[in-house]
């Protein structure tokens, strides 16, 4: 699904962000070549093992951030105005 969106919308992978409540969501974004993932604490994201797994995904090409809920992602200042 990510690949289809990337191709159809002609997204810049490195500048794109995946937001999810599971580390698996972020892992999918990383595998697709996205540059950043945000784990939200709502749903499964509030579980400690999800945060630990998400942190483990971070490297020089994939940054991992955390937000309290989907609305708080906007507070991270990741999106151009």
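Among the residues of the stretch 9-24, the one identified as part of a helix (DSSP H, G or I), surrounded by fewer than 21 Cβ atoms within 10 Å (Cβ to Cβ) and modelled with pLDDT of 95 or more is 24. The one condition from (1) surrounded by 15 or more Cβ atoms within 10 Å (Cβ to Cβ); (2) out of contact with any helix residue (DSSP H, G or I) (no Cβ under 6 Å at 6 or more places or on another chain) that residue 74 does not meet is (1). Residues in the stretch 39-67 that are touching a residue at least 24 places away in the same chain (Cβ under 8 Å), part of a loop (DSSP other than H, G, I, E, B) and closer than 20 Å to residue 16 by Cα: 61, 62.
The values are calculated or read from the model by the stated rules, or taken from the named source; none is laboratory data. All values derive from a computational prediction rather than experimental measurement. Cβ: placed from backbone, ideal geometry, glycine included. Neighbour counts: every protein chain shown.
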